[in-house]
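The values are calculated or read from the model by the stated rules, or taken from the named source; none is laboratory data. Source: prediction; values computed, not measured. Note that each Cβ is placed from the backbone with ideal geometry, even for glycine, and that neighbours are counted across all protein chains shown. These area figures cover heavy atoms from the full protein model, side chains too; ligands, DNA and RNA do not enter into them. Shrake-Rupley method; radii C 1.70, N 1.55, O 1.52, S 1.80 Å.
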Amino acid sequence: MSSNASQDAVLNVFSPEQLTPPPNRSDAILGASHAMQATSSDALDEALDDEDFQDDTVGAEGFQPDLPSSAAYYKLLKKLRRQVGHAIRDFNMIEDGDKVMVCISGGKDSYTLLDILLQFKRIAPINFDVVAVNLDQKQPNFPEEVLPKYLEENKIPYYILEKDTYSITKRLTPEGKTYCAVCSRLRRGSLYGFAQEIGATKVALGHHRDDILATFFLNLFHGGSLKAMPPKLLSTDKKNILIRPLAYVEEKDIIKYAEMRQFPIIPCNLCGSQENLQRAIINDMLREWDKAHPKRLNSIFGALQNVSPSQLADRELFDFEVLDSQREFDLKDPEEMKKRLDVVNLSLSVD
C-alpha cells in the first residue's frame, strides 16, 4: 500500500506506481481540452457506430466480462455507449490523460456506469484511466465480499474505502426525517477527499437522466428553486470535477442492461429502508408519465437544456431593469407621433 493512499482504503489491486498523484498536467490539458468536441469527434462517432462489440469489451485493464450474446443485448449496449459517448463529448467530461474515479455502490446504476466506461475506454479516441472506489459505510449485514469478488474477477483496479458513516447518519438524523441529506454529505466528503489522495482528476457518479429529472421536481415542489443535477460540476471546495456520464441514459434501459449483465446487486439498507421518501414519490410520478405519455420525459429533459432566463422571474439571472434603456423608439417624426397619441386619447374619451 502506497503512503499516498488513505489508511481506510483496503483491498486495492493497484500496482504502487498507480497510487501516486499525476504530475502537473496543465499544459497537456490546455492542448487537449476540446479533444472530444473537435479533433476527435468524428473518430468518436465512428467508434460508437461500430457494430462489432464482441472484441471491444477487452480494455487496457484486462477487463473481459462474460457477456450475453443476444441481439437485444448488443442493440441496448450500442444505445448506451452512444448516449454515454455523446454526454462525454457534449460536456467535455473526460480529457486525454484523465484518471477517472468511478464511485461504485453495488447498485445497478454504478455497475452500469463502470461497465460502460471501461468499454468506452477501449473505443475512445483519447487515453484515460479508470479506477473503481466503493465506500463501505458499515451498514449491518452488508455483503462486503461481493464487490471485491466482482472487481477482481473482471480485473478492475479498485479501492474499498471503509468509513462508518452509517452510525453517524443514524445518530444525526432526527426522528421521522430522511437519511438522505446527512448520508449524502458524509459520503461526498469521504469520496471527494479520497479522490484527491489517489490523484483522480475526475469523479464519475452514476446518476442517470431520470435522477436528474427527479431532482428537478424535488427542488421545484419542495425547494422552491429551478435546479437539478448538472452533467458536469465543480465541487463546492473547487477541488474536484464531478461528471455524470449517464446523464442521457433512461433508468429503464439501465434496469434492462443490469439484468442482462447479471450484476451482483447489493441493496441499500439505509435509505432503502425508509418508506414514502419524497424522491420515491417523484420517481413513481415520472414512471406513470412515461407510461401514459412516452415523449414527456424527453421533452422535460430537453427543457433543462433550453433555458430562457428572460422568460422567468429570477432578477439575479436576468437584468429586468435594463429593459427600459434597451427599448427602441421611432422619433424621426415627433409631430406624427403626437397625432397618433391624440387619436388614441380621443378614442378613449369617446368610449
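Observations
- List 279, 209, 171, ordered by accessible area with a 1.4 Å probe, largest first: 171, 279, 209
- Per-residue SASA entry for residue 232, accessible area with 1.4 Å probe, Å² rounded to 10: 70 Å²
- Largest-first ordering by accessible area, 1.4 Å probe, given options 268, 103: 268, 103
- With the highest mean first, a sort of the peptides 144-152, 287-295 on other beta-carbon atoms found within 10 angstrom per residue produces 144-152, 287-295.
- Two numbers describe the Cα atoms of the range 165-236: Rg and Dmax, which are 14.3, 39 Å.
- List 69, 105, 184, ordered by accessible area with a 1.4 Å probe, largest first: 69, 105, 184
- Hz values of 3J(HN,Hα) by residue in the range 234-239 - Karplus curve (6.51, -1.76, 1.60), Gly and Pro given as x: 8, 4, 4, 7, 6, 9
- The range 194-318 - convex hull of the alpha-carbon atoms, volume per residue in Å³: 164 Å³
- Surface accessible to a 1.4 Å probe, residue 162 within the full protein complex, Å²: 60 Å²
- Taking 0.36 nm per residue of sequence separation and removing the Cα-Cα distance, the residue 310/residue 78 pair yields an extension gain of 79.6 nm.
- Solvent-accessible area per residue for the range 161-320 (1.4 angstrom probe, square angstrom): 57 Å²
- Amide H contacts of residue 162 (H built 1.01 Å from N, under 5 Å, at least 5 apart or other chain): 9, 10, 136
- For residue 255, the accessible surface of its heavy atoms amounts to roughly 70 Å² (probe 1.4 Å, protein chains only, rounded to the nearest 10).
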